[in-house]
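Reading through the structure tokens given below for one structure.
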Amino acid sequence: MAVEVRLPAARKRGSEVLLPETNRHLVAPGDTITTDTGFMRGHGTYMEDEKLLASVAGTVERVNKLICVRALKTRYNGEVGDIVVGRITEVQQRRWKVETNSRLDSVLLLSSVNLPGGELRRRSVEDELAMRDYLQEGDLISAEVQAVFSDGALSLHTRSLKYGKLGQGVLVQVSPSLVKRRKTHFHNLPCGASIILGNNGFIWIFPTPEQREEEAGGFIMNLEPVSLPDREVISRLRNCLLALSTHKMMLYDTSILYCYEASLPHQIKDLLKSEVMEEIVMETRQRLVEQEG
Amino acid sequence: MREPPLSNCEKSFLLKAIREGKRLDGRETYDYRNIKISFGTDYGCCIVELGRTRVLGQVSCELVPPKVNRPTEGIIFFNLELSPMASPAFELGRQSELLIKLNRLLERCLRNSKCIDTESLCVVAGEKVWQVRVDLHLLNHEGNIIDAASIAAIVALSHFRRHDVSIQGDEVTVYTPEEREPVPLSIHHMPICVSFAFFQQGTYLLVDPSDREERVLDGMLVIAMNKHREICTIQSSGGIMLLKEQVLRCSKIAGVKVTEITELIQKALENDKKIRKEGGKCGFVESMPQQWITAFKVEKAPVDVTDVEEKAEGILSRAEPPAEAVSKPVLWATGTAQIGEGLESSWRDMEEEEGQVEDEDDEGAIDDPTLAVTQNIEMEDISGKEEKKSDVDVVVLSDSEEEEVIILEPEESRIHTRSKHPADSSATKTTAGKKKRKKKFAL
Amino acid sequence: MAGLELLSDQGYRLDGRKAVELRKIQARMGVFAQADGSAYIEQGNTKALAVVYGPHEIRGSRSKALHDRAVVNCQYSMATFSTGERKRRPHGDRKSSEMTLHLKQTFEAAILTQLYPRSQIDIYVQILQADGGNYCACVNAATLAIMDAGIPMRDYVCACSTGFIEDTPLVDLCYVEEAAGGPQLALALLPKSEQIALLEMNSRLHEDHLEKVLDAASKACRDVYAVLDRVVRDHVQEVCTLLGE
């Protein structure tokens, strides 16, 4: 059994390697953004004595007359239409509480899920009593944000066949600010696995299902054993995601794919070492820059 | 049991009064409540009353081996207990935040400031020292526990006498009070805590907050000083932001207050010494006054009567003529008679009154408490208004499984303050669908 | 203590600093990946680590939820190996409860809690090595951690301890200077508006000297702010560069 020991080494700062762009206005809490009263204030700012002050550390974003400060790392702030992956924390009367890495637990109403068998009918008392058979505490689901309550809690729905309870796979938790908002968040990667990039920073990697089953609303989990090559692909993807998130790269299908390809020469478990992580992230960055250029 | 929350109107009333510089018990901003100190029969026992807040302090001592890293110093131990006797909000056994805060403040105020000479408590270096224990019990909570507790602690310590000890070579003899007079502790100075309560983010300041004021304050500053104007402890608590000038001002006020209180303490101690020397009766029983009500006397409340006449004229001119008094009694049967007529029964109108809001119009009446003002307030329900909002348990046939959450807005009830004309009143009484409510205030 | 001069005639302290000099401050933000915000600070030999979780749904009793603000939940603990003598410190003891209350009070005033009704923000601070100025290091570390978590604050909260020896205020006391027993003042300040979030003083100090000591403490807090500000800006710059967009 081999044990790896490494001595502490000075961290390399990312800004030494990349060119810092100085066109962004960076602020810290308490900094005055502007004394001009003509601006509307957005998130991350507060008014005091006719001055607009920042309340978080981040970049100033100005859209016409709206000034807001976007923090580098925040909890997930949901918007209508986002795809989220969440875990059930509570089963209440006619609703489930879902933990989605936001400041309040999200709500999944009984009326917002598909009944097994795909029936379209009014939810009855029996449905209420059978809620626990559909989703229990600890289950993972993928859902879409339907609405935002006034206190900031999200209302989710799974009224589509692509959402529902998740079966076998691997969950990776990253910061929500690293997941880019795209047209689609469900990807079937050519390397042989599928991925759901939740906007709330929860990423689900799972083996590609063979055929498109018209299952009963996403409640039946496929519990057949997954083959070894599939598992290896999934593990490699997971380690790539961790590498990308450690180096604070934006996550979307292209970057994940490039990272996967850059990691192929290495063994899966070596991907967790910091030197290897740096190498593959560097390669991924280069390829992305080339692709854009 | 949890303390019932202070109602919003009480809170706003207190804050409004503070804004105008008035306090509920009539004190000025920098005034303390009456401090009363009484002693028990034993040395080292005292009760301090700050207004109605009462703290009992008891000092005891015993010989113990000293702490390892301080072999020549005695040990002083403070403990404050908040029992449910003081306030139902205090629960026995649970160490709440308040308890920790008060205990730590007392410890810092009295121990770190070295008010007691611990070296003098040493009997045999490294083997035996006196451990002095100060136990404080809160008997009644009417605000500002810390001030009362610190006064009680220092008074009890000053009052306390420990057994006399003599050392001959290796032998240590502890004398009982009968053999030799007990010896007082050597106290360098008397630190007293003064609390300042801040309201409205530090704009308004009050000294010695009472129980009600404590519940609406934003933050508190406690400064412990002795009469030599040395600050022993400063502690700010609560969520307020202070400015340097405020802190300096508070320390000056504290200096003045502490001098007054120290004088009071000295006087009380001397009094007690005199009584004991003369052999008079001492103890709590003597100091508790007989609280018999033999005569009921209310102090004259000062009333502002500068422009009473003008105000009276104005109100009289605006007021409508008084209603006709129905004087003739009507005899219904033997033993049953009726004088006048009551108001119309309003019981059957209950269901239609859900959204009605009553308002009280107080203008002009409070300033003159000596003047009896009769005001009539009338409210009318306009019949055209929709009074029925959808009730809570309506069955809505929709897909949503959610119970309809209906937020009841307070209806915009139009309040009319009309002068009542007798002719109109009889006419409107009979009109269907209209309700009236009359209220008379006599102040 | 005989022979131990806290302030020499030339104005040098035990570790060679002048009366108004701070110890060397080194800080790092974002040390833990799984926490929402984390920071590590070293003030001389005092090392403190702060971790922030939140804002999140209130765990445990729902009754503690405030309908209009977030609840700030703090915990202060000292590692058993942090002092010269290894001492096991149970969590509920009075000193750490007092520190916890002070931290909570400080940050409840500084964080804009009105933006997060019915949520909870957890701040956990651990002292890894205690060499004086424990509370102040905790406050500074927690400020950085809260900023790392993206929770809006009114302003930085900078804290510094001050002592008073021979008519001179000494800034940023180390353990030996604290144990000598002279007056000590711990001040937590919001530097821009000069508002005092927490003021704590022990031992006897004459009222006339109070202003001098407060001034020295405020100046020291502003110096701490300058250092922390630089750390924050560097970190923000670096992360922005890495994020790239």
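In the range C:147-171, which residues are open to solvent by 20 Å² or more (accessible area, probe 1.4 Å) and within 14 Å of chain A (Cβ to nearest Cβ)?
Hit for the range C:147-171 is C:ARG154, nothing else.
Which condition from (1) out of contact with any Asp or Glu (no Cβ under 8 Å at 6 or more places or on another chain); (2) at pLDDT 90 or above; (3) buried (at least 23 other Cβ atoms within 10 Å of the Cβ); (4) not in a strand (DSSP E or B) is the one that C:LYS212 breaks?
(3)
Do you know which of the residues in the range A:236-275 that are in a helix (DSSP H, G or I), open to solvent by 50 Å² or more (accessible area, probe 1.4 Å) and not acidic (Asp, Glu) is farthest from A:PRO190 (Cα to Cα)?
A:SER274
Please work out which residue is surrounded by the fewest Cβ atoms within 10 Å (Cβ to Cβ), limiting yourself to the range B:230-271 and to residues that are within 13 Å of another protein chain (Cβ to nearest Cβ) and of a type in the set (D, E, K, R).
Restricting to residues being within 13 Å of another protein chain (Cβ to nearest Cβ) and of a type in the set (D, E, K, R), the top hit is B:GLU245.
Starting from the range A:171-193, keep only residues that are closer than 23 Å to C:LEU243 by Cβ, then list their pairs with residues that are open to solvent by 70 Å² or more (accessible area, probe 1.4 Å) and not in a loop (DSSP other than H, G, I, E, B) whose Cβ atoms are within a distance under 8 Å, requiring at least 6 positions of separation or different chains.
A:VAL172/A:ARG238
Any residue in the range C:130-141 that is more than 16 Å from C:GLN26 (Cα to Cα), touching a His at 6+ places or on another chain (Cβ under 7 Å) and of a type outside the set (A, V, I, L, M, F, W, C)?
Looking through the range C:130-141, at least one residue is more than 16 Å from C:GLN26 (Cα to Cα), touching a His at 6+ places or on another chain (Cβ under 7 Å) and of a type outside the set (A, V, I, L, M, F, W, C).
Any idea which residue in the range A:149-173 is modelled with the highest pLDDT, counting only those that are surrounded by fewer than 16 Cβ atoms within 10 Å (Cβ to Cβ) and farther than 24 Å from A:ILE205 by Cα?
A:PHE149
Quick one: in the range C:215-245, of everything that is within 14 Å of chain B (Cβ to nearest Cβ) and either closer than 25 Å to B:ASN226 by Cα or not in a helix (DSSP H, G or I) (or both), which residue is most open to solvent (accessible area, probe 1.4 Å)?
C:ASP215
Among the residues of the range C:198-209, how many are part of a helix (DSSP H, G or I) and either touching a helix residue (DSSP H, G or I) at 6+ places or on another chain (Cβ under 8 Å) or within 21 Å of C:CYS138 (Cβ to Cβ) (or both)?
Here the count works out to 1.
Condition check ((1) open to solvent by less than 20 Å² (accessible area, probe 1.4 Å); (2) touching a Phe, Trp or Tyr at 6+ places or on another chain (Cβ under 8 Å); (3) within 12 Å of another protein chain (Cβ to nearest Cβ)) across all residues:
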residue: C:GLU57; (1), (2), (3): yes, no, yes
residue: C:SER61; (1), (2), (3): no, no, no
residue: C:CYS74; (1), (2), (3): yes, yes, yes
residue: C:MET78; (1), (2), (3): no, no, no
residue: C:PHE81; (1), (2), (3): no, no, no
residue: C:PHE107; (1), (2), (3): yes, no, yes
residue: C:GLN114; (1), (2), (3): no, no, yes
residue: C:ILE123; (1), (2), (3): yes, yes, no
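Just to be sure I understand, how many residues within the range A:37-53 are within 12 Å of chain C (Cβ to nearest Cβ) and either within 19 Å of C:GLU238 (Cα to Cα) or hydroxyl-bearing (Ser, Thr, Tyr) (or both)?
Residues that pass the stated criteria total 2.
Please enumerate the residues belonging to the range A:58-96 that are open to solvent by less than 20 Å² (accessible area, probe 1.4 Å) and among the polar types (S, T, N, Q).
Passing the criteria: only A:THR59.
If B:ARG104 meets every condition in (1) more than 30 Å from B:GLY283 (Cβ to Cβ); (2) free of Cβ contacts under 8 Å to residues at least 40 places away in the same chain; (3) assigned to a loop (DSSP other than H, G, I, E, B) apart from one, which number is that one?
That leaves (3) as the condition not met.
Out of the residues in the range C:172-197 meeting the condition of being assigned to a helix (DSSP H, G or I) and either within 12 Å of chain B (Cβ to nearest Cβ) or not hydroxyl-bearing (Ser, Thr, Tyr) (or both), tell me which one is surrounded by the most Cβ atoms within 10 Å (Cβ to Cβ).
In this case the residue turns out to be C:GLU177.
If a residue counts only when it is in contact with a helix residue (DSSP H, G or I) (Cβ under 7 Å, 6 or more places away or on another chain), which strands (runs of 3 or more DSSP E) contained entirely in the range B:133-230 have at least 2 such residues?
Ranges flagged: B:192-199, B:204-207, B:219-225.
Take the range B:196-229 and flag every residue that is within 21 Å of B:SER150 (Cα to Cα), within 14 Å of another protein chain (Cβ to nearest Cβ) and touching a residue at least 24 places away in the same chain (Cβ under 8 Å).
Within the range B:196-229, B:PHE196, B:PHE198, B:MET220, B:LEU221, B:VAL222, B:ILE223, B:ALA224, B:MET225, B:ASN226, B:LYS227, B:HIS228, B:ARG229 meet the criteria.
Per-residue answers, yes or no, for (1) among the small types (Gly, Ala, Ser); (2) in a strand (DSSP E or B); (3) farther than 24 Å from B:ILE154 by Cβ:
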{"site": "B:PRO4", "(1), (2), (3)": "no, no, yes"}
{"site": "B:GLU10", "(1), (2), (3)": "no, no, yes"}
{"site": "B:LEU14", "(1), (2), (3)": "no, no, yes"}
{"site": "B:ALA17", "(1), (2), (3)": "yes, no, yes"}
{"site": "B:TYR32", "(1), (2), (3)": "no, no, no"}
{"site": "B:THR41", "(1), (2), (3)": "no, no, no"}
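The values are calculated or read from the model by the stated rules, or taken from the named source; none is laboratory data. Please read these numbers as outputs of a predicted model, since none were measured by experiment. For neighbour counting, all protein chains shown are included, and Cβ atoms are generated from backbone atoms with ideal geometry for every residue, glycine included. Keep in mind that these areas ignore ligands, DNA and RNA; they rest on the heavy atoms of the full protein, side chains included. Shrake-Rupley method; radii C 1.70, N 1.55, O 1.52, S 1.80 Å.
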